[in-house]
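*Asks:* Below is the structure I would like to discuss, written out as structure tokens.
Each reported figure results from applying straightforward, stated rules to the coordinates on display, with no laboratory input. Just so we're clear, the structure is a prediction, and the values are computed from it rather than from any experiment. Cβ: placed from backbone, ideal geometry, glycine included. Neighbour counts: every protein chain shown.
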Amino acid sequence: MILGLVEHDAGVVWEPSLQMLTLGRRVAERLGEPLAALVAGPDAGPVVDGLAAYGVEAVHHAVDDRLDRYAPEAWAACLLDLMGRTAPSAVLAAGTDRGNEVMAHVGARAGLPMAANCTEVEPGEPGTPPYLISRLRWGGSLLEDARLHGEVKLLTVAPHAIRAEEGPAGGGWAVEEFSPKLQDADFRVQVTRQEGRPAGKISLPDARVVVGGGRGVGGPEGFGPLEELAELLGGVVGCSRVVTSLGWRPHTDQVGQTGVRIAPDVYIACGISGAIQHMVGAKGAKRILVVNTDPQAPILAHADYAIIGDVQQVVPALVSAIREAKGR
Amino acid sequence: MDVLVCVKRVPVTGGRISLTDDEQEIDTRYLGFTVSPHEECAVEESVRLVESHGGSSTVLTLGPAVAEDQLRDAMAMGVNRGVLIEDEGPEWDGGATAGAIARAIAEHREAGVSYDLLLFGNESADAGGYQVGIRVAHLLDVPCVTGVKHLEIQNGRALARREGPGGFEIYEVPLPAVITVKEGINLPRYPSIPGRLRAKKATVERVHPDAPQPGLEKVRLRLPQGRDKQVEILGDGATGIGRAVEVLGHIGVMPS
């Protein structure tokens, strides 16, 4: 059996979990084993039926009053309880904040290795030889091929590395509600309360247009014209890591490996050289328009369009030209 | 309050990564080294906590002898002591790394030094294993909050805030605890000149562990296939503006 931890919010399964199930199903088919899923928490009920379309044959729904708020070790304990009873050959989760966290707890408690953010999984023959996996390093700028050892293979699936696809079930369909063996200590780390994000402003990950600024913008004041351009196009401003390190912009504006991942229709990158850590954050952009003085800058290799020139002259000129075009 | 902060030496990569011929490592012949960004913030956080609560901070790394540079960088920022778990061999996996760190902490405890707070980066910049802090917490049987972007210590408890679905999650755990942080929790300071001089003279404790069998065993590194893109140069400076407006119109983002 291949077991997948399914994350959901307000009755909807997270897309990375569906991608994980898609990869899990391929592994299960390869081994001739069934695919099962674990869902946890009182609000998990509505997501159960939808999992059949992804080839899941058995859904285990962990029920315990204390699971109403996320608690990483309690989720890990649910998986370990289920692993003890069903002896899966592999346990998968999405490579999300929670998925990576829960699987690391499982690995720590069970004394098993864990491979985070896998993109490919080749299970080999049934039994317990190592899996051959490929996983992301450097936020996706580099891939590692590795052998994953362990009695049970623990891994997370890199979000958006593969497309979620529905697929045929192996035949069975069973839903089991169970009370996992949970200790008080499993809840020593639990969300005590939640805070919403400030409403109103378009968020960077959701923006259709992102205007990014790097060192070439020249200073915090230099972002004025970028703000203007973003507002005109209904977008928001982002920046590179050097800009936040210099204190020109808040860290919440940073696009990249240690910042935000964006997926706009167009990313207008101004005065950004294109370090790999920045580009992994912009990988989701459909088009990239670069403004840079250096025609040899690494970012040109990722760009669709480029204007070779100084940000401080080009951006204001672009703002004027867009205003003019709008007025016509 | 006594804080231990764990860091990893990683190369400063630029716009392109190239690999060594055996595909085992990044070719670092022309690269400098630093610590992972999240860990740089963990170092800063440890210094700030000691500044406001008293006590001392210790920085620890597992790596080759030259990783001493990264320990001294942290000490130049204000960390009091450095510990190097020295190994010149290939990179250790998360389980082995955590084991060595937990053993070093246990040895310190036997020597009368214990830590109230253990800070890690959420994940290393290079390997991105997402597990060393959590595994250390289990080995020491202390709570662990990951991905923290705001931390307060009050009355022997850690109040930690991190991003969660739709906003922020608040956690509260008793010390001692492991906290893994993310960049953005603070803006790391530049080392002062006296700080650098002090760090240069400080002694670094060295531990020499045996390399264990890896559970996640690297076979080779490879570069992802890039999008085969041909950039269209719209023009030099002002000459490109007209064409840029057309392009934005074509993409469908021009204001109406």
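*Asks:* Mind checking the log10 I(q)/I(0) for chain B at q = 0.07, 0.17 Å⁻¹? Debye, one equal scatterer per Cα, no solvent, two decimals.
*Replies:* Result of the Debye calculation: -0.31, -1.29.
*Asks:* Work from the charge dipole of the stretch A:204-327 (Cβ charges, +1 for Lys and Arg, -1 for Asp and Glu, about the Cα centre) and give the residue of A:Ile308, A:Leu289, A:Ser320 farthest towards its positive end.
*Replies:* A:Leu289
*Asks:* What ranking do A:Trp173, A:Trp75 get, fewest neighbouring Cβ atoms within 10 angstrom at the top? Intermediate values should be presented prior to the final figure.
*Replies:* On the way: A:Trp173 13, A:Trp75 28.
Listing A:Trp173, A:Trp75 from fewest to most nearby Cβ atoms yields A:Trp173, A:Trp75.
*Asks:* So what is the relative contact order of the stretch A:204-327, in percent, for Cα pairs below 8 Å that sit 6 or more residues apart?
*Replies:* Numbers: 275 pairs, mean separation 31.1, N = 124.
In percent, rounded to a whole number, it is 25.
*Asks:* How do A:Leu92, B:Leu117 line up, fewest other C-beta atoms within 10 Å first? All intermediate terms of the calculation are to be shown ahead of the outcome.
*Replies:* Details: A:Leu92 29, B:Leu117 25.
With the fewest neighbours first, A:Leu92, B:Leu117 line up as B:Leu117, A:Leu92.
*Asks:* Something else now. Rounded, prolate or oblate: which fits the stretch A:204-327 when a ≥ b ≥ c are the square roots of the eigenvalues of the alpha-carbon gyration tensor, with rounded for a/c under 1.5 and prolate only if a/b beats b/c?
*Replies:* Working: a/c = 1.29, a/b = 1.26, b/c = 1.02.
Because its axes are fairly even, with a/c under 1.5, the stretch A:204-327 counts as rounded.
*Asks:* Thinking of the protein assembly as shown as a set of Cα atoms, what percent of all their pairs are more than 39 Å apart? Walk me through the numbers on the way to the answer.
*Replies:* On the way: 52036 of 170236 pairs.
Tail of the P(r) past 39 Å holds 31 percent of the pairs.
*Asks:* Let me ask something else. Looking only at other chains, what is the average number of their beta-carbon atoms within 10 angstrom of each beta-carbon in A:322-328?
*Replies:* Numbers: counts 8, 1, 1, 7, 4, 0, 0.
Average per residue, whole number: 3.
*Asks:* Additional query: Work out from phi, with θ = phi - 60° and the Karplus expression 6.51 cos²θ - 1.76 cosθ + 1.60, the ³J(HN,Hα) of each residue of the stretch B:25-30, listed in order in whole Hz, and give x for Gly and Pro.
*Replies:* Listing the rounded values in order: 9, 6, 6, 9, 4, 10 Hz.
*Asks:* Across 5 Å bins from 0, what is the distribution of all Cα-Cα pair distances for the stretch B:63-102, in whole percents?
*Replies:* Taking all Cα pairs of the stretch B:63-102, the binned fractions are 6, 22, 26, 22, 17, 7, 0 percent.
*Asks:* When the Debye formula is applied to the Cα atoms of chain A, each taken as the same point scatterer, what base-10 log of I(q)/I(0) results at q = 0.11, 0.12, 0.15 Å⁻¹?
*Replies:* Ignoring solvent entirely, the Cα scatterers give -0.78, -0.88, -1.12.
*Asks:* Using alpha-carbon positions, what is the distance between the centroids of the stretch B:76-148 and the stretch A:192-244, in Å?
*Replies:* 35 Å
*Asks:* What value, in deg cm²/dmol to 500, does the helix sum -39500 (n - 2.57) over DSSP H runs of n ≥ 4 give at 222 nm once divided by the residues of the protein assembly as shown?
*Replies:* Working: 13 runs with 156 residues, N = 584.
Mean residue ellipticity, 222 nm, calculated: -8500 deg cm²/dmol.
*Asks:* Hey, another quick one. Which of A:Ala317, A:Ala90, A:Ala76 moves the most in a Gaussian network model of chain A with Cα springs under 10 Å?
*Replies:* A:Ala317
*Asks:* Moving on to the next point. About the Cα centre of the protein assembly as shown, how large is the charge dipole given +1 on each Lys and Arg Cβ and -1 on each Asp and Glu Cβ? Please answer in debye to the nearest 20.
*Replies:* Working: 56 positive and 76 negative charges, 252 e Å.
Using Cβ point charges on Lys, Arg, Asp and Glu, the protein assembly as shown gives about 1220 debye.
*Asks:* Considering only B:Pro209, B:Tyr190, B:Ala244, whose Cα is most displaced toward the positive end of the charge dipole of the stretch B:169-256, charges sitting on Cβ of Lys, Arg (+1) and Asp, Glu (-1)?
*Replies:* Positive-most Cα among the choices belongs to B:Pro209.
*Asks:* If the only charges are +1 at each Lys and Arg Cβ and -1 at each Asp and Glu Cβ, what is the size of the charge dipole of the stretch A:2-187 around the Cα centre, to the nearest 20 debye? Can you show the working numbers first?
*Replies:* Numbers: 14 positive and 27 negative charges, 107 e Å.
In debye, rounded to 20, the stretch A:2-187 gives about 520.
*Asks:* Contact order normalised by length for chain B, with contacts defined as Cα pairs under 8 Å and 6 or more residues apart; what percent is it?
*Replies:* Working: 473 pairs, mean separation 60.2, N = 256.
This gives 24 percent for chain B.
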